[in-house]
């Protein structure tokens, strides 16, 4: 799966309820089920160019929603913070306990603020 396909598949998971039904179906068929524009057109009962236009409108809408709401960006930030916390916890020992504990507190606060 290409990076673009992965991005729209993830954005679809967050924002699909905010799309029109035909947009929702076109994104699902194209990005999740690997349908061609011809197959999407048959499924929606529209022309191939109509299927393309519907998908492009849905992509623009998903991009707009992510720009405004940033759910995917927030989730990525939370994931990064959790990975850091795991690393800090794995590296706690007597010599650097206070330093690592402080780093864990900072990352935990970042998750609380982000979430």
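Residues of region 33-42 being assigned to a helix (DSSP H, G or I) and touching a helix residue (DSSP H, G or I) at 6+ places or on another chain (Cβ under 6 Å), which ones? So that I can check it myself, show each step before the final result.
Applying the first criterion (assigned to a helix (DSSP H, G or I)) to region 33-42 yields 37-42.
Selection gives 37, 38, 40, 41.
Could you list all residues from region 75-103 that are crowded, with 16+ Cβ neighbours inside 10 Å and modelled with pLDDT under 85?
Within region 75-103, 88, 100 meet the criteria.
Is it true that residue 13 is surrounded by fewer than 16 Cβ atoms within 10 Å (Cβ to Cβ) and either outside any helix (DSSP H, G or I) or on the phi > 0 side of the Ramachandran plot (or both)? It would help to see each step written out before you state the result.
On the way: surrounded by fewer than 16 Cβ atoms within 10 Å (Cβ to Cβ): yes; either outside any helix (DSSP H, G or I) or on the phi > 0 side of the Ramachandran plot (or both): no.
For residue 13, the condition - surrounded by fewer than 16 Cβ atoms within 10 Å (Cβ to Cβ) and either outside any helix (DSSP H, G or I) or on the phi > 0 side of the Ramachandran plot (or both) - is not met.
On the basis of being touching a helix residue (DSSP H, G or I) at 6+ places or on another chain (Cβ under 8 Å), in contact (Cβ under 8 Å) with a residue 24 or more places away in the chain, surrounded by 12 or more Cβ atoms within 10 Å (Cβ to Cβ) and under 21 Å from residue 11 (Cα atoms), does residue 114 make the cut? Talk me through it step by step, then tell me what you get.
On the way: touching a helix residue (DSSP H, G or I) at 6+ places or on another chain (Cβ under 8 Å): yes; in contact (Cβ under 8 Å) with a residue 24 or more places away in the chain: yes; surrounded by 12 or more Cβ atoms within 10 Å (Cβ to Cβ): yes; under 21 Å from residue 11 (Cα atoms): yes.
Taking the combined requirement at face value, the residue satisfies it.
Return yes when residue 72 is touching a residue at least 12 places away in the same chain (Cβ under 8 Å), surrounded by fewer than 14 Cβ atoms within 10 Å (Cβ to Cβ) and under 23 Å from the mean Cα position of the chain (by Cα) and no when it is not. Quick ask: steps written out before the conclusion?
On the way: touching a residue at least 12 places away in the same chain (Cβ under 8 Å): yes; surrounded by fewer than 14 Cβ atoms within 10 Å (Cβ to Cβ): no; under 23 Å from the mean Cα position of the chain (by Cα): yes.
Considered against the rule, which asks whether it is touching a residue at least 12 places away in the same chain (Cβ under 8 Å), surrounded by fewer than 14 Cβ atoms within 10 Å (Cβ to Cβ) and under 23 Å from the mean Cα position of the chain (by Cα), residue 72 comes out as no.
Somewhere in region 56-69, is a residue exposed (fewer than 13 other Cβ atoms within 10 Å of the Cβ) and touching a helix residue (DSSP H, G or I) at 6+ places or on another chain (Cβ under 8 Å)?
no
Within region 8-35, restricting attention to residues that are without any contact (Cβ under 8 Å) to a residue 12 or more places away in the chain and under 15 Å from the mean Cα position of the chain (by Cα), which residue is nearest to residue 57 (Cα to Cα)?
Residue satisfying both the conditions and the ranking: 17.
Right, residue 106: within 15 Å of the chain's Cα centre (by Cα), part of a helix (DSSP H, G or I) and not assigned by TED's automatic domain parsing to the domain that holds residue 12 or not? Spell out how you get there, then give the answer.
Numbers: within 15 Å of the chain's Cα centre (by Cα): no; part of a helix (DSSP H, G or I): yes; not assigned by TED's automatic domain parsing to the domain that holds residue 12: yes.
Answer is no for this residue.
Given the criteria touching a helix residue (DSSP H, G or I) at 6+ places or on another chain (Cβ under 7 Å), touching a residue at least 60 places away in the same chain (Cβ under 8 Å) and closer than 30 Å to residue 104 by Cβ, does residue 77 qualify? Working first, answer last.
Numbers: touching a helix residue (DSSP H, G or I) at 6+ places or on another chain (Cβ under 7 Å): yes; touching a residue at least 60 places away in the same chain (Cβ under 8 Å): no; closer than 30 Å to residue 104 by Cβ: yes.
Taking the combined requirement at face value, the residue does not satisfy it.
The values are calculated or read from the model by the stated rules, or taken from the named source; none is laboratory data. Worth saying up front: this structure is predicted, and the values here are computed from it rather than measured. Cβ coordinates were reconstructed from backbone atoms using ideal geometry, including for glycine residues, and neighbour counts include every protein chain displayed.
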